[in-house]
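First up is the structure itself, then whatever we jot down about it.
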Amino acid sequence: MTQMDIDLENIPEHVAVIMDGNGRWAKDQGQVRIYGHMNGVESVREALKAATELGVKYLTLYAFSTENWNRPKEEVEALMNLLVDTILNEVNDLNDNSVRLMAIGDLESLPEQCQLALKEGIEQTSKNDRITLILALSYSARWELVAGMKKIAQAVKEGRMEPEDITAESISSSLSTAGIPDPELLIRTSGEQRISNFLLWQIAYAELYFSPVNWPDFRKENFREAILEYQNRERRFGKVSEQIKTH
Ligand code: IPE
Ligand code: IPE
Ligand code: MG
């Protein structure tokens with residue numbers, strides 16, 4: 001399969017990825033789980049490169065979930081350290097490729113080192129406009145929806161908003177992805193077919209693509225395969241096939 005097969009006129013604006021299978025990949029190599037996470041960094045570079053080259057505008061990566069705090073302490077610590085090192089190491093490359101970094105999630109719950117590295121990375125890349133890389137950290141959709149509902153309830157309580165003003169748009173605006181278009185495509189690696197509390201509101205009409213490849217083995221070609229599959233799907237949005245076909 002080559003990039004030639006991809007229709008550059010029909011590239012999703014926003015692709016979200018549940019990067020999964022690092023632990024199993026490491027186990028297959030007779031290594032500890034963190035070795036899988038370390039090798040996953042190269043896959044992030046590959047996915048980002050593929051997305052950038054194709055003209056994707058937003059790439060959201062699920063890097064650490066609210067539920068992942070329940071993992072063994074050593075693994076959580078190792079992941080946080082890896083995050084800090086990776087952000088600091090990659091800032092120059094992000095700038096070279098005009099990548100803007102963003103983060104969503106309960107960022108205040110992250111260790112201070114992580115918050116500082118993120119702040120640094122976000123500030124230093126804030127003027128870039130080719131693609132936005134959004135890291136979901138200490139993120140879960142239910143956490144985000146609870147936070148959003150609280151904001152809306154507070155606005156109603158203070159009289160800044162009426163219950164009638166609550167719309168799909170105002171709920172979208174209350175979330176951490178406010179202003180970012182919903183993902184048209186959600187990729188999950190490692191063969192698991194579940195959402196694991198990721199972007200529940202935003203993926204209402206996303207195409208779901210499940211890849212059997214473990215995240216550390218995921219390469220540009222795998223990303224392009226997902227885009228190609230997306231382009232072969234018919235997105236009907238509740239209509240019938242004949243209404244979609246324009247010719
Ligand atoms: C994904 O890989 C990375 C994170 C969730 C941080 P896993 O660590 O979940 O790997 P598996 O699913 O155990 O193989
Ligand atoms: C989902 O992966 C979270 C991230 C990719 C960060 P998990 O491996 O934690 O998901 P479950 O627990 O298997 O559903
Ligand atoms: Mg997993």
Residue count for segment 10-38, restricted to those that are more than 11 Å from ligand 1 (Cβ to nearest atom), part of a loop (DSSP other than H, G, I, E, B) and either open to solvent by less than 20 Å² (accessible area, probe 1.4 Å) or under 16 Å from ARG219 (Cβ atoms) (or both):
1
Selection from segment 211-228 of residues that are open to solvent by 70 Å² or more (accessible area, probe 1.4 Å) and not in a loop (DSSP other than H, G, I, E, B)
ASP217
Criterion violated by ARG188 - all others in (1) in contact with a Lys or Arg (Cβ under 8 Å, 6 or more places away or on another chain); (2) surrounded by fewer than 19 Cβ atoms within 10 Å (Cβ to Cβ) satisfied
(2)
Right, GLU53: closer than 16 Å to LEU83 by Cα, assigned to a helix (DSSP H, G or I), more than 16 Å from ligand 2 (Cβ to nearest atom) and not basic (Lys, Arg) or not?
no
Which of (1) touching a Gly at 6+ places or on another chain (Cβ under 7 Å); (2) closer than 24 Å to ILE11 by Cβ; (3) surrounded by 16 or more Cβ atoms within 10 Å (Cβ to Cβ); (4) without any contact (Cβ under 8 Å) to a residue 60 or more places away in the chain is the odd one out, the single condition SER174 does not satisfy?
(2)
With respect to ASN197, is the statement that it is at negative phi and out of contact with any His (no Cβ under 9 Å at 6 or more places or on another chain) true?
no
Search result, residues across segment 191-210 that are in a loop (DSSP other than H, G, I, E, B), surrounded by fewer than 16 Cβ atoms within 10 Å (Cβ to Cβ) and away from ligand 3 (no atom under 16 Å from the Cβ)
LEU200, ALA204, TYR205
Specify which of the listed residues (THR52, THR60, THR86) is away from ligand 1 (no atom under 11 Å from the Cβ) and in contact with a His (Cβ under 8 Å, 6 or more places away or on another chain).
THR60
Just wondering, is there one or more residues in segment 60-67 that are over 21 Å from GLN193 (Cα atoms) and either touching an Asp or Glu at 6+ places or on another chain (Cβ under 9 Å) or within 16 Å of ligand 3 (Cβ to nearest atom) (or both)?
no
Quick one: would you say GLU74 is away from ligand 1 (no atom under 16 Å from the Cβ), over 20 Å from GLN202 (Cβ atoms) and in a helix (DSSP H, G or I)?
no
Consider VAL99 against the criteria (1) open to solvent by less than 60 Å² (accessible area, probe 1.4 Å); (2) at positive phi; (3) away from ligand 2 (no atom under 16 Å from the Cβ): it satisfies all of them except one. Which criterion is unmet?
(2)
MET80 is checked against (1) within 16 Å of ligand 3 (Cβ to nearest atom); (2) open to solvent by less than 30 Å² (accessible area, probe 1.4 Å); (3) among the hydrophobic types (A, V, I, L, M, F, W, C) and fails just one. What number does that condition carry?
(1)
Pairing a residue in segment 99-111 that is part of a strand (DSSP E or B) with any residue that is of a type in the set (D, E, K, R) and surrounded by fewer than 20 Cβ atoms within 10 Å (Cβ to Cβ), where Cβ atoms lie under 7 Å and the two sit 6 or more apart in sequence or on different chains, gives VAL99/ARG130; ARG100/ASP129
Only unsatisfied item for ALA155, checking (1) among the small types (Gly, Ala, Ser); (2) in contact (Cβ under 8 Å) with a residue 60 or more places away in the chain; (3) surrounded by 14 or more Cβ atoms within 10 Å (Cβ to Cβ), is (2)
Quickly run through segment 123-160 and pick out the residues that are in a helix (DSSP H, G or I) and more than 30 Å from ARG194 (Cα to Cα).
GLU123, GLN124, ALA153, GLN154, ALA155, VAL156, LYS157
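The values are calculated or read from the model by the stated rules, or taken from the named source; none is laboratory data. Values in this document were obtained by computation on a predicted structure and should not be read as measured data. Every residue, glycine among them, receives a Cβ derived from its backbone with ideal geometry; neighbour counts consider all protein chains shown. Note: accessible area is taken over every heavy atom of the protein model, side chains too, but ligands, DNA and RNA are not part of it. Shrake-Rupley method; radii C 1.70, N 1.55, O 1.52, S 1.80 Å.
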